[in-house]
Amino acid sequence: MGLTDAQAGIINTVFLLSIALFSVPAAFLVDRWSRRKSLSIMAIVWSGFTFLTGLGRSFFGVLLPRTVVGIGEAGFSAGGTAMISAAYSKESRSKALGVFNAFITLGAALGMIIGGKIATAYGWRAPFFVFAVPGIILGIMALFLRDYKTVDELDESGNKMKFWALAKRLFKIPTLRWLYIGFAMQNVLAFSYLSWTPAFLMRSQSITAAKAGLIVGVISLMAIIGAPIGGAIADAWQRKSVRGRMLLPTTTMFIIAILFPLAVLFDFKGLGFVFGLLFGAVLMMGLPAMNAITQDVVTPGLKGLAWGMCVLSMYVLGGGWAPLAVGAISDALGGGAYGLKVGLILSSVGAVLAGICLWIGSKHYSEDSDKVKHVTLEAE
C-alpha cells in the first residue's frame, strides 16, 4: 500500500492500544456478567472485523477495522485466564495456564506461517478473509463452555463496589503494581519482535513474506514447549519457595534480554537462528506464572479484572508503543535492514527493566496471596 515504516507501525500500535483501552471494561464485564457469553461475543466481533480489514483500500480503511478487532480481543485473555484459574487449584494453576498460553502462541505462529503462504499466493487481503471464519465458529461454541457463579465485591459497608473502587483496590496490592509494570516492560520487546521481525528478515535476507513468516512462525512455535514447561517449573518452584512462582518470570526476563539481541545481531541466520529458537521458548516461559499470580492475590470477584488491568498496563505503559517506536527509529536511521536491526536490539532494554520490577514484586507475593487463600469459587 506504499506505507512508511512509521505508518505500518501506527496500525499495529493503534490495534494494541484499542485492546488496552477496552481491556479493563471488558474484564469488568467478564467478572460482573458471564465469562462464556463475553468470550463468545468478543470472538465473533473481532472475527467479523478481521474480515473487514481485508476489504480496506487505504491507510484508514485498514486502521479503523483493525481498531475494532482490538476492541473485540480486549477481554479475551482476561476471561480465559479467569475461567481456567477457577477450574484448577492454585497448586496446578500455572501448568494449566501454560497450556492455555501455548495455544495462544500456536495460533499466532500458524498465522505467521499460513498467513505468509496465503498472502504470497493470493495477496495480502486473503489471510484476513480466511482467518475470520474459524473465529466466528469458535465464538458460537464458547456459549457451551462451563462457567462459574458471579461473585460481587463488597465494600466495608456491604455495598457493591463500583468499577473505579475495584481498580483502586487492585493497585493497592504491591505484587500487582510491580507485576503490571514488569509485564509492560517485557512486552516492549515482545511486540517489537512480533511486529517487525518478519519485515527485518525480508530486508536482511532478501526473502519472501512466506519464508519470513515461516521463520518467525517456527521461532514462535517454540512457545508450545516453553509455556507448559515454564508453568510446570513455576508450580514446582513455588512448592519449594514462597517466592518461586514470581522468581521464574524474573529469571526469564534477563535471559531473553540476552538471547534476542544476539539473534538479531546475526540476522536470525545460522547461530542467530539457534538464539532465536531459544528466545522463542524462553519468551513465554514466565507468562503462565504471571497469569497465575494475578489470580493468586485477588478475591474471586476480581479475577477477570486483575488480568484485564495487566493487559491495560502492558499496552499503555510499554508494549503498545513499541511498534511505533521501532518504526520511528528505523525511519530516523534511513530505514532498511539496518534501521530495524537497531530498533529491535534497543527493545531488549524492556526485558531488563521487567526483570528488575518482577524481582521487587516477588518480595510481596507470599504475603499478598495469603490474604485471599481462604476464598473459593462455586460452579453454576
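Taken together, the values in this text are just the output of simple stated rules run on the coordinates, not laboratory data. The shown structure was predicted, so the numbers you read here are calculated from the model rather than taken from an experiment. Every residue, glycine among them, receives a Cβ derived from its backbone with ideal geometry; neighbour counts consider all protein chains shown.
Out of the trypsin sites (Lys or Arg not before Pro) in the range 28-89, which ones are loop residues according to DSSP with at most 14 other C-beta atoms within 10 Å? If you can, show how the numbers build up before the last one.
Numbers: sites: R32, R35, R36, K37, R57, R66; in loops: R57.
Counting only loop positions with at most 14 other Cβ atoms within 10 Å, the trypsin sites (Lys or Arg not before Pro) in the range 28-89 are R57.
For a footprinting-style exposure proxy, rank C357, C310 by other Cβ within 10 Å, fewest first.
Values: C357 21, C310 26.
Going from sparsest to densest Cβ surroundings: C357, C310.
Measuring between alpha carbons in the structure, the pairs from K37/K371; K211/K303; K341/K363; K240/K341; K37/K341; K37/K240 lying more than 32 angstrom apart are K211/K303; K341/K363; K240/K341; K37/K341; K37/K240. Going by neighbour counts of Cβ atoms within 10 Å, the residues F163, F200 line up, fewest first, as F163, F200.
Counting beta carbons within 10 Å around each of H374, H364 and listing the fewest first gives the order H374, H364. Only one item in (1) 33, 24, 18; (2) 42, 22, 19; (3) 34, 32, 17 matches semi-axes √(5λ) of the Cα gyration tensor in Å derived from the coordinates shown, and that item is (1). Compared with the dominant principal axis of the Cα atoms in the chain, helix 223-240 is inclined by about 30°. For the residues W178, W359, W124, a GNM of the chain with alpha-carbon springs under 10 Å puts the largest fluctuation on W124.
Helix 322-332 axis versus longest C-alpha principal axis of the chain: approximately 30°, rounded to the nearest ten.
Springs join every pair of Cα atoms under 10 Å in this Gaussian network model of the chain, and among L271, L247, L179 the largest mean-square fluctuation is at L271.
In terms of the Cα gyration tensor, with a ≥ b ≥ c the square roots of its eigenvalues, is the range 69-112 rounded because a/c is under 1.5, prolate because a/b exceeds b/c, or oblate? Note, shape of the range 69-112 comes out oblate.
Does the range 17-132 come out rounded, prolate or oblate, given a ≥ b ≥ c as the square roots of the eigenvalues of its C-alpha gyration tensor, rounded meaning a/c under 1.5 and, failing that, prolate meaning a/b above b/c? Intermediate values should be presented prior to the final figure.
On the way: a/c = 2.96, a/b = 1.57, b/c = 1.88.
Note, shape of the range 17-132 comes out oblate.
With contacts defined as alpha carbon pairs under 8 Å and 6 or more residues apart, what's the relative contact order of the range 289-375 in percent? Display every interim value, and only then the final one.
Values: 45 pairs, mean separation 31.1, N = 87.
Taking the mean separation of contacting Cα pairs over the length of the range 289-375, I get 36 percent.
Given +1 at the Cβ of Lys and Arg, -1 at the Cβ of Asp and Glu and no other charges, the dipole of the chain around its Cα centre is 200 debye to the nearest 20. Relative to the longest principal axis of the Cα atoms of the chain, helix 93-122 runs at roughly 20 degrees.
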